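These notes concern the structure reproduced below.
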Amino acid sequence: MASGNSAIRDGRLSVRIAYRTSNSFTLEAEFEAPAGFTMILGPSGGGKTTILNCIAGLARPDAGRIALGARVMFDSAARIDMPVAERRLGYVFQNLALFPHLTVAQNVQYGIAKIPAEERRARMMTMLESFRIAHLIARKPGEISGGERQRVALARSIVTNPAAILLDEPLIALDNATRSKILDDLRAWNAAHEIPILYVTHSPAEAFALGERVLVLDGGRILAQGTAQEVLATPRHETIAQVVGFENVFDATVRSIAETQGTMLCQLDGSTTRLEVPLGHAETGARVRIAIRAGDIIVAGERPHGLSARNSFPGRVESMRREGVRVVVMIDAEGATFEVHLTPGAIDALRIEAGKEVWLVIKTYSCNLVEPSVRS
Amino acid sequence: MDWSAIFLTIRLALVVCAILLVVGTPIAWWLSFTRWRWKFFVESIVALPIVLPPTVLGFYVLVAMGSNSPIGRWYQSLTGHGLPFTFEGLAIASVIYSLPFAVQPMAAAFSNVDRNLINASSILGASRIRTFLRVVLPLSVGGVVTGFVLSFAHTLGEFGVVLMVGGNIPGVTRTVSIAIYDHVQALDYAGANHMAILLMAFSFVTLSITYALNRRVWAVWPMHR
C-alpha cells in the first residue's frame with residue numbers, strides 16, 4: 001500500500017502519567033509502545049480512554065511525561081504541554097466523530113488542508129482506495145453504513161500520516177467479518193509505516209488476536225503488560241483473570257482435525273494432555289492458544305462414564321486455597337496445570353485434598369480459541 | 001404612511017444585526033466553551049437587557065454617551081459631534097439592548113455541537129478559528145439564523161431605548177415604534193394602525209421564515225452520535 005507521503009517516524013511512544021480525575025479515581029500508568037499494535041485491555045471505567053485522552057492532549061495529567069521518540073508532548077516537570085493540534089496523532093473515537101455536514105471526501109481531506117489541492121486529492125484517493133471506500137466520496141456520514149463510517153474515520157486519521165494512532169474501541173459496533181476485514185487493512189497499512197498503534201478494547205479475544213503487545217488496565221493501574229504470552233502467563237492475579245476472562249490459558253499444537261465434527265484435537269505444550277476444542281481456522285501442526293474458565297472445569301472423584309463432555313483426563317491436586325465462598329484448586333495433568341474453582345460443598349463431597357488423584361472433565365465448547373487465526 | 005421612519009427602522013435593524021454578528025459571535029463562542037469560574041457573571045451582564053426596563057438601559061447609555069463621560073468626550077473629539085440623538089448613538093444603544101437576543105441562541109447552538117467533533121478537528125491539526133468556521137459554525141446555522149432574526153425583530157420593535165437615546169428626530173432617530181406613538185398622541189389612529197399592521201406583519205413573516213428554516217436545517221444536517 002502506497003502512503004503517498006513519507007511518514008515521519010518518531011519512534012516509540014513512552015507514557016508516564018499520574019492523573020487524579022476524581023476523588024475516587026486516580027490513573028497511574030507507565031508504559032512504552034513500540035511500532036505495531038499495543039492493546040489496552042480492561043473493563044469500562046478502568047481508565048483506558050483517559051490514557052488516550054492524555055496522550056492526545058484532550059486531558060492534562062497532574063504529572064508525568066509523554067513523548068514520541070525524542071518529541072516531548074507533555075512533561076509536567078519541564079512545563080511542556082504541546083497543543084492538541086501540534087501533536088500529529090491519529091485518534092479514532094468510539095463514536096467516530098465524523099463531521100456530519102461534510103462529505104466523505106471533505107472529511108478525509110480535513111486534516112491535510114495545508115498541502116496543495118492536487119496532491120491532497122491524490123493522497124485522499126489512495127487512502128480511500130486502500131480502505132475500499134472510494135465509491136462513497138460524495139456521500140455524507142449519515143448516508144453510509146456503520147462499517148463504512150468506521151473506514152472513513154480510520155482513513156481520515158491515517159491520511160494525515162500521524163506519528164502514532166490511538167483507537168478507542170473503533171470497531172465495537174461491527175460484526176466479526178467486517179471487523180476483521182478492516183483490521184487486515186489497517187495491519188497492511190501499518191506494515192509499511194511502522195508507527196505505534198494503541199488500541200483500546202474490552203474484549204480479551206480481540207486483544208489477544210490482534211496485539212503483539214497487551215496491557216491490562218483496571219482501576220487506573222496497569223496490572224500486566226508485555227506480549228500476549230507474557231500477560232497470560234503472569235501469576236494468576238485475580239483481577240487479570242477477571243479482566244482477561246480466563247484463568248487457564250494454554251499454548252498448544254493442533255494434532256488432528258475432524259472437519260465433519262467441527263472439532264480439532266490439540267496437544268498442550270509441555271504436557272501429554274490433549275484437548276478436543278472447537279474447530280478454528282487452523283491446520284494440523286498449527287499453533288493455537290486455548291483459554292478455559294476455571295469455573296467451566298468439572299472435577300470427578302473417579303473416571304467418569306456416560307458423559308457428553310469430550311475431554312476427561314486424570315490429574316493430581318497440587319494445592320488448594322479458599323477465596324471467599326469458593327475454593328481455588330490447582331490440578332496438575334501430566335505437566336499442564338489447571339486452575340479449577342469449586343464450592344466448599346464439592347470439596348467436602350469429593351474429599352479433595354492436596355495429593356489426591358482426580359479426573360478433570362471439560363466440554364469442547366468450554367475451550368475457547370483466543371487466537372482465531374494463526375497469523376504468526 | 002411614514003416611509004422615512006420605515007426605512008430608517010430597517011436600516012437601523014440591519015446595521016445592528018451586522019454589528020451583533022461580529023460582536024456577539026465571539027461572546028457566544030467564549031460563553032459556550034470557557035471554563036472560567038466567573039463566567040456566570042458575564043452571562044448575567046449579557047442577559048441584563050432582557051429584564052431591565054428599556055428606560056433604565058437607555059438612561060445609562062445616554063449618560064455614558066453624554067459629553068460629561070470619557071466615552072462621549074472621546075467620540076466627540078474623534079468626530080466633532082456627540083453620540084446622543086444621532087443614528088450612531090441609537091445603533092450603539094440598540095446593539096447593547098439586543099445583545100442577549102443574538103448571543104443566547106448562538107451560545108446554545110455552539111454548546112450543542114458534539115465536543116468530540118471539536119476535539120477531532122483539533123487532533124486533525126485545525127486551529128481554533130478553522131474549527132469554528134468549518135465545524136462549529138456550519139453545525140450551528142440554526143442558532144445563528146435565530147439570533148440574527150430575533151435581534152432584527154427586537155430592534156425593529158424597540159421603543160424605550162430609542163426614546164431615551166435617540167429622541168424623535170425625523171429621518172435620523174424617528175423609528176416606526178416612535179412614529180406610531182406620535183400618531184396616537186395626535187389621535188391619528190388610522191396612521192398608527194397602518195404602521196402597526198406593517199410592523200406586525202413583517203415580524204410575523206420573519207419569525208415564520210426563521211422557524212421554517214430552522215426545521216429544515218435540522219433535517220438536512222442530522223447529528224450522528
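Values for this structure:
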read-out: Overall Cα dimensions of the stretch B:83-148, principal axis frame, Å, largest first; value: 51, 20, 13
read-out: Using alpha-carbon coordinates, inclination of helix B:141-156 to the longest axis of chain B, degrees; value: 10
read-out: B:Trp29, B:Trp36 arranged by Cβ crowding within 10 Å, fewest neighbours leading; value: B:Trp36, B:Trp29
read-out: Electrostatic dipole magnitude of the stretch A:13-244 [Cβ: Lys, Arg +1; Asp, Glu -1; Cα centre; debye, to 20]; value: 560
read-out: Cα-Cα pairs of the protein assembly as shown separated by more than 40 Å (percent); value: 49
read-out: When chain B is reduced to its Cα atoms, the Kirkwood hydrodynamic radius in Å; value: 19.1
read-out: Semi-axis lengths (Å, descending) of the ellipsoid that matches the C-alpha gyration tensor of the stretch A:112-229; value: 28, 17, 12
read-out: Cα-based equivalent ellipsoid, the stretch A:266-341: semi-axes from gyration tensor eigenvalues, Å; value: 24, 15, 13
read-out: Cα convex hull of the stretch B:1-71 - mean projected area over all directions, nm²; value: 7.2
read-out: Isotropic mean projected area of the C-alpha convex hull, the stretch A:13-244 (nm²); value: 13.2
read-out: Cα centre as origin, Lys/Arg/Asp/Glu Cβ charges: the protein assembly as shown dipole, Debye; value: 940
read-out: Rounded tilt (10° steps) of B:54-65 against the dominant C-alpha axis of chain B; value: 90
read-out: Residue-wise HN-Hα coupling along the stretch A:244-260, computed from phi with Karplus coefficients 6.51, -1.76, 1.60 (Hz; x: Gly, Pro); value: 6, x, 9, 8, 10, 9, 10, 7, 8, 10, 6, 9, 8, 10, 10, 3, 5
read-out: Cβ-Cβ FRET estimate between B:Phe41 and A:Met125, R0 fixed at 51 Å, reported to 0.05; value: 0.50
read-out: Environment charge of A:Glu30, counting only residues whose C-beta is closer than 13 Å and scoring Lys/Arg +1, Asp/Glu -1; value: +1
read-out: For the stretch B:125-136, Karplus couplings with θ = phi - 60° (6.51, -1.76, 1.60), whole Hz, Gly/Pro x; value: x, 7, 6, 4, 5, 5, 4, 5, 6, 8, 10, 5
read-out: Which of B:Ser203, A:Ser157 has the fewest Cβ neighbours within 10 Å, and the rest in rising order; value: B:Ser203, A:Ser157
read-out: Cα→Cβ-extended label distance, 7 Å offset, between B:Ile129 and A:His305, nm; value: 8.8
read-out: Orientation-averaged projected area, Cα convex hull of the stretch A:86-159 (nm²); value: 4.8
read-out: Neighbour-count order for A:Lys140, A:Lys48, fewest beta carbons within 10 angstrom listed first; value: A:Lys140, A:Lys48
read-out: Estimated FRET transfer efficiency (A:Ile115, A:Ala63; beta-carbon r; R0 60 Å; 0.05); value: 0.95
read-out: For the stretch A:133-185 and the stretch A:22-86, distance of Cα centres in Å; value: 24
read-out: FRET efficiency, B:Val51 to A:Ser145 (Cβ-Cβ, R0 45 Å, nearest 0.05); value: 0.35
read-out: Over the stretch A:35-131: Kirkwood hydrodynamic radius from C-alpha pairwise inverse distances, Å; value: 16.0
read-out: Degrees separating the helix B:39-51 axis from the principal Cα axis of chain B, which is the longest one; value: 30
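Just so you know, all these numbers are worked out from the coordinates, no wet-lab data involved. Values in this document were obtained by computation on a predicted structure and should not be read as measured data. So basically every Cβ, Gly included, is an ideal-geometry build from the backbone, and we count neighbours across all protein chains shown.
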